[in-house]
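These notes concern the structure reproduced below.
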Amino acid sequence: MTNPQLCRWYLFPSVQALQTEAVSMIARAAEQAITDSGAFRLVLAGGNTPRALYERLRALKTDWAAWHIYFGDERCLPAVDSGRNSTMARDAWLDHVPVPQKQVYAIPSEMGAKAAAAAYSATLRQVGEFDLVLLGLGEDGHTASLFPGNDWGREAGSPVALPVFDAPKAPAERVSLSAWRLSQAKQVLFLVTGESKRDAVMNWRAGANIPARAITPLHGVDVLAESVLLKG
Ligand code: 6PG
């Protein structure tokens with residue numbers, strides 16, 4: 001049995017305003033984690049929504065040497081393919097700041113979903129609770145690469161990383177952290193923009209059992225969304 005999701009919605013009149021708040025929340029989380037433990041363990045979202053946010057993070061004044069970057073999911077494509085979530089994050093942000101390369105933990109999805117999921121599970125074995133997890137929302141309510149109709153790995157003790165072979169969003173083969181592992185986090189922040197997400201937002205708020213609802217960290221999740229998506 002998993003905890004019910006505690007979900008806090010924050011609404012913004014524009015994408016820019018939403019990104020400004022997201023930058024502030026990430027900066028606060030980093031400062032707190034680095035003060036408390038000397039490290040900031042951040043999980044990145046993929047897709048297009050976070051690109052502009054990542055570009056804005058280049059200007060952050062922080063101790064980049066303390067940042068440890070993980071990925072919530074990855075598409076099974078060649079290591080430097082432009083379609084990879086890790087390539088987007090590097091191009092938009094990570095190649096422009098001095099985060100030590102050994103502290104950017106890409107999912108080795110070029111190995112294929114099964115082998116990469118096993119390898120990433122091993123990488124995360126020594127990692128405890130994430131400080132902050134960033135997630136997107138798909139039009140069908142998916143998050144990371146947890147899609148409707150699949151096993152989301154919700155139960156405690158689920159595999160850390162799951163192979164995905166039938167994703168309805170190309171490419172079909174992916175690797176995703178499980179819902180359980182994504183929930184082992186002090187803070188989870190969803191970023192939701194774009195008219196195409198309207199139905200997923202309404203379904204989520206109506207209580208539908210979508211993958212995004214399977215993310216149930218102890219302190220709940222924060223959803224930053226464009227306010228226009230909640231207007232009928
Ligand atoms: C991916 C992402 C996926 C994404 C949502 C939203 O690999 O595509 O991990 O979960 O976050 O599909 O995508 P957009 O931000 O492009 O709308």
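The values are calculated or read from the model by the stated rules, or taken from the named source; none is laboratory data. Keep in mind that what you see is a predicted model, and the values were worked out from it rather than measured. Here Cβ is always computed from backbone atoms with ideal geometry, including for glycine, and neighbour counts include all displayed protein chains. The protein model used for the area step is the full one, side chains on, heavy atoms only, and it has no ligands, DNA or RNA in it. Shrake-Rupley method; radii C 1.70, N 1.55, O 1.52, S 1.80 Å.
Each principal axis of the Cα cloud of the chain was evaluated for its coordinate range; sorted largest first, these ranges are 46, 38, 34 Å.
The label point for T2 and the one for M111, both projected 7 Å from the Cα toward the Cβ, are 2.4 nm apart. Between A79 and L230, how high is the FRET efficiency from 1/(1 + (r/R0)^6) when r is the Cβ-Cβ distance and R₀ = 35 Å? Nearest 0.05. E(calc), rounded to 0.05, equals 0.30. Show which aspartates and glutamates lie in cross-link reach of K61 when reach means a straight Cα distance below 12 angstrom and same-chain residues fewer than eight apart are skipped. Partners within reach: E31.
Please work out the FRET efficiency for the pair N209 and K169, using the Cβ-Cβ distance as r and a Förster radius of 25 Å; give the result to the nearest 0.05. About 0.85, to the nearest 0.05. In this simple spin-label model, placing a label point 7 Å from the Cα along the Cα-to-Cβ direction at both K102 and S24 gives a separation of 3.7 nm. In summary, the aspartates and glutamates within cross-link reach of K231, defined as a Cα separation below 14 angstrom excluding same-chain residues under 8 places away, comprise E195, D199. Note on M111: accessible area approximately 100 square angstrom, rounded to 10, probe 1.4 Å, nucleic acids and ligands left out.
Can you tell me, using C-alpha contacts under 8 Å and at least 6 residues apart, the relative contact order of the chain as a whole percent?
Result for the chain is 26 percent.
Please work out the FRET efficiency for the pair R125 and A39, using the Cβ-Cβ distance as r and a Förster radius of 22 Å; give the result to the nearest 0.05.
Numbers: r = 17 Å, r/R0 = 0.76.
Efficiency at R0 = 22 Å is approximately 0.85.
Using a simple spin-label model with pseudo-atoms 7 Å out from Cα toward Cβ, D199 and R58 lie 3.7 nm apart.
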